[in-house]
Structure formats: structure tokens, C-alpha cells
Amino acid sequence: LEDLSLIDSTYVIFSSDHGDHAMEHGLTHKHTMYEPSVRVPLIISGPSVMKGYRVRDLVSLVDLYPTFMDIAGLRYPEGIDGYSLTPFFKGLKPNRPDWVFSEYHGESSATSMFMVRRGVWKYIAYVGMPPQLFNLEDDPWEVNDKSGECREKVEEMESLLRSIVDYMEVYREVEEYNREAFRRWRIMHKERGDYEKLMAKIFSGWEVRDEEVKPWTALDEEVISIWLGERVS
């Protein structure tokens, strides 16, 4: 940018799609709503951006799209999720909610999880499992779940989460999508003749050596059939 004389007219935004556990909670990779996974860097420099200014407000990656559009001077649809961060460039506060939201349905999770953060409080709802509540000011490592003793705060955060998303309906849609996608995948690989081999390797664990792969059994397939809603004799 300096060589092309563009440094004074270019915005540079540094961020990440997710964090990575480095053995916090005994975990690696992402797959959770703990801070090492869900909290990411966001650094912005460019014309009109205050130097050395740190924003302590909660913001989200969904805010980047309207921010990009504002920087480019382009209009964007109303009613989108996300709010432009450009007012922060001049030390002002945008008109935005005081919470951020995230959800996860990916691999290595036993169920769908939905998180809402407001102030120092983080609330995580797990479909079919107890929720978690953390005070990140008192407990930055998230080892003291307060959901059992702070019932009023749990109710408040649960109400906030449900005002953002009908997470049970989202969960049902995700589960049906997963089943239908798996049905198609299973049919294709049964026709190819490699279904049992692939399933054995998947369910034996990630990145296992071939000698550690456990054979795929009829009982394993019965579990899959029950999950798919098929009749099992």
C-alpha cells in the first residue's frame, strides 16, 4: 500500500471467523461458545479512523457487511442483521443493541448451542441440555457456571435470547436438514460400496490411524437408523 501510495486512502480490517482453544477447558479447535472460540480480534485502520482508540462495546462479525458498505458509500438493505461500525471511527456510538448473538450447529457438538452476551453476562442455551451462565468480569476463564444460583438472571437472558431467535425452531430445521443431507450421502456411498468403511473411520475418531479404526457394525447402523426415523426390526 505504501509503495502504491494507497496507504492514506485504504481501510485495513483485521479479524477472524472464529477463535481456537489452546487447551482451555481441555479443548482444541473451536466448537464451543467459550471465549477462546467465540471471541475474535477486530482491528480497523484507515482514513478518518481515530488512532489508538479502543472500543469496549460489544460488536459482531455481522456488523462488517454494513460497515464495508458505509465505507464504500453504498446503500444496503434495511432490516439486516448487523449495524455499521463507522460511527466508532470518530469516537461516536452507533444506534445498536447492547447485546451480541452467536449460534453453532457444527461437527463435534452434541446439540445446537445459542449464545447471547450482554454486558458482563454470557448465557448459553443448549437444546436438550442445561444452560450455562457466566459473569465474565468475575470469571474470565468461564469455570464457574452461575445458572444454578442466579435464576433471575437466567430468566432475563433466556427471555432476551428468545426475543432474538426462536432457537427451538431453528434447532428443528437444522436437525431435519442434517438428516436429509445424510440420507442422500448414505445412498450415494452405499451405491459406491464404501459406506461402512467411511462410517467406521468417522466414528472411530478424527485423524485416527488405520489400525485403530473399529469395524462398522449392525448395532452402529441401528443407531443411525433410529436417528433418521427409520423403522428398526
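The values are calculated or read from the model by the stated rules, or taken from the named source; none is laboratory data. On a predicted model such as this, the values are computed, not experimentally measured, just so you know. Cβ placement follows ideal geometry from the backbone for every residue including glycine, while neighbour counts extend to all protein chains displayed. Ligands, DNA and RNA are stripped out before the accessible areas are found, and what is left, the full protein with its side chains, is counted by its heavy atoms. Shrake-Rupley method; radii C 1.70, N 1.55, O 1.52, S 1.80 Å.
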* To the nearest 20 debye, what charge dipole does the chain have about its Cα centre, counting +1 at the Cβ of each Lys and Arg and -1 at the Cβ of each Asp and Glu? -> 420 debye
* Structure fact -> Of Leu42, Leu161, Leu92, the most mobile residue in a GNM of the chain (C-alpha springs, cutoff 10 Å) is Leu92
* **Of Gln132, Pro94, Ser159, farthest towards positive along the dipole that unit charges on Lys, Arg, Asp, Glu beta carbons give segment 90-171** => Pro94
* Using every Cα-Cα pair within segment 97-166, state what percent have a distance larger than 20 Å. => 25 percent
* Asked: In a shell of Cβ-Cβ distance under 12 Å around Ile164, excluding Ile164 itself, what net charge do Lys and Arg (+1) and Asp and Glu (-1) give?
  -> -1
* **Qualifying GluC sites (Glu not before Pro) in segment 137-233, DSSP loop, other Cβ atoms within 10 Å at most 16** => Glu137, Glu149, Glu207, Glu230
* Asked: Between Tyr65 and Arg192, how many nm apart are label points set 7 Å from Cα along the C-beta direction?
  -> 3.3 nm
* Convex hull (Cα only) mean projected area of the chain, reported in nm² to one decimal -> 19.2 nm²
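Can you tell me the relative contact order of segment 25-155? Whole percent, Cα pairs under 8 Å, sequence separation 6 or more.
17 percent
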* Asked: Under the definition of Cα pairs under 8 Å and six or more residues apart, what whole-number percent is the relative contact order of segment 1-65?
  -> 33 percent
* Net charge of Cβ neighbours under 14 Å - reference Tyr53; Lys, Arg +1; Asp, Glu -1 -> +4
* **Most fluctuating residue given options Met188, Met69, Met33, as computed from a GNM of the chain linking Cα atoms under 10 Å** => Met188
* **Structure-based [θ]222 nm, the chain - -39500 (n - 2.57) summed over DSSP H runs of at least 4, per residue, nearest 500** => -10000 deg cm²/dmol
* Asked: Taking 0.36 nm per residue of separation and subtracting the Cα-Cα distance, what length does fully extending Lys51 through Asp220 add?
  -> 55.0 nm
* To do: Calculate what fraction, in whole %, of the accessible area of segment 25-138 sits on carbon and sulfur atoms when a 1.4 Å probe is rolled over the protein chains.
  => 54 percent
* To do: Could you pull out the trypsin sites (Lys or Arg not before Pro) across segment 1-86 that fall in loop regions by DSSP (anything but H, G, I, E, B) with no more than 12 other Cβ atoms inside 10 Å?
  => Lys51, Arg54, Arg56, Arg75
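Across the chain, how many lysine pairs, 8 or more positions apart or on different chains, have C-alpha atoms separated by under 17 Å? Please give the number.
7
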* Asked: Which chymotrypsin sites (Phe, Trp or Tyr not before Pro) in segment 128-233 pass both tests, a DSSP loop state and at most 16 other beta-carbon atoms within 10 Å?
  -> Trp141, Trp206
* Structure fact -> Scoring the chain by relative contact order with C-alpha pairs under 8 Å, at least six apart, yields a percentage of 10 percent
* Could you tell me, in Å, what Rg and Dmax come out for the Cα atoms of segment 193-233? => 11.4, 34
* Please compute the net charge surrounding Glu222, taking Lys and Arg as +1 and Asp and Glu as -1 over other residues with Cβ under 15 Å from its Cβ. => -2
* To do: Output the DSSP H helices from the chain with an along-axis C-alpha extent of no less than 27 Å and a mean Kyte-Doolittle hydropathy no less than 0.5.
  => none
